[in-house]
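A short write-up of the structure that comes next.
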Amino acid sequence: MNRWIVVFVFSVCYLVYSFIGIYKNVINYEPVKASTEKNRSIMIQIPSVSHIDERWAEEVIDKNLFIPSRGYVEKEPVAIPQPEPEEPEMPEIILKGIVYDQYGQYIAILQIGNEKPVKLTEGDSLGELNVKRIDDHSVTLLWGDRVLELTFKQVTPVK
C-alpha cells in the first residue's frame, strides 16, 4: 500500500512540474519586440521607396513574373523531313554447290557475303533472300522484287 502512495505522489509531482514547464514555454509566450535594446543590432535597415532608381522600377514592372501575358507559350512542332529509305545493296552471293539428297530434293549451298556457307532448300528464306527454285545446274532466288538465277558460271539477273 505504501508503494502505491509513493507512486501516486511522484506522479502528481511530475504532472505539476510538467504543467509549469508548459506554462512558461507555451502559454506565457511573449514574442520578441523589435523595439527592445537587445534586438536593435539585429534589425535590418530597409531602404525607403524614394531610394529606388526609377529605371530599375520599370525593369521590374516589365519583367513581372505574375502577369498573365507572361504565361507558357507552346512552340509549334517543326516538321523534320524524313530521308527516303535507301534500297539495301544486294549482297554478294556465291553458289558453292547443289546436292541431291535421299528424299529426292535439291539443296543449294550458298555463301552470302563473307559468312559461312548455308544450306537452303526450295521455299527457304534468309533475310530478304528467298529461294524460289533449285535445279541440278541452277538456283533461282528472289531478292526484294528482283529475280536472280545462280549457276556455277555466273550470276545473271532475269529482270
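Miscellaneous remarks
- Of all residues in region 8-19, none are modelled with pLDDT of 85 or more and within 30 Å of residue 126 (Cα to Cα).
- Residues (part of a loop (DSSP other than H, G, I, E, B) and in contact (Cβ under 8 Å) with a residue 40 or more places away in the chain) located in region 72-124: 87, 88, 90
- Breaking point among (1) closer than 18 Å to residue 143 by Cβ; (2) under 36 Å from the mean Cα position of the chain (by Cα); (3) not polar (S, T, N, Q), for residue 79: (1)
- For region 122-137, taking the residues that are modelled with pLDDT of 90 or more and crowded, with 16+ Cβ neighbours inside 10 Å, the one that is nearest to residue 97 (Cα to Cα) is identified as 134.
The values are calculated or read from the model by the stated rules, or taken from the named source; none is laboratory data. None of these values were measured; they are calculated from a predicted model. Here the Cβ is made from the backbone with ideal geometry for all residues, glycine too, and neighbour counts use every protein chain on show.
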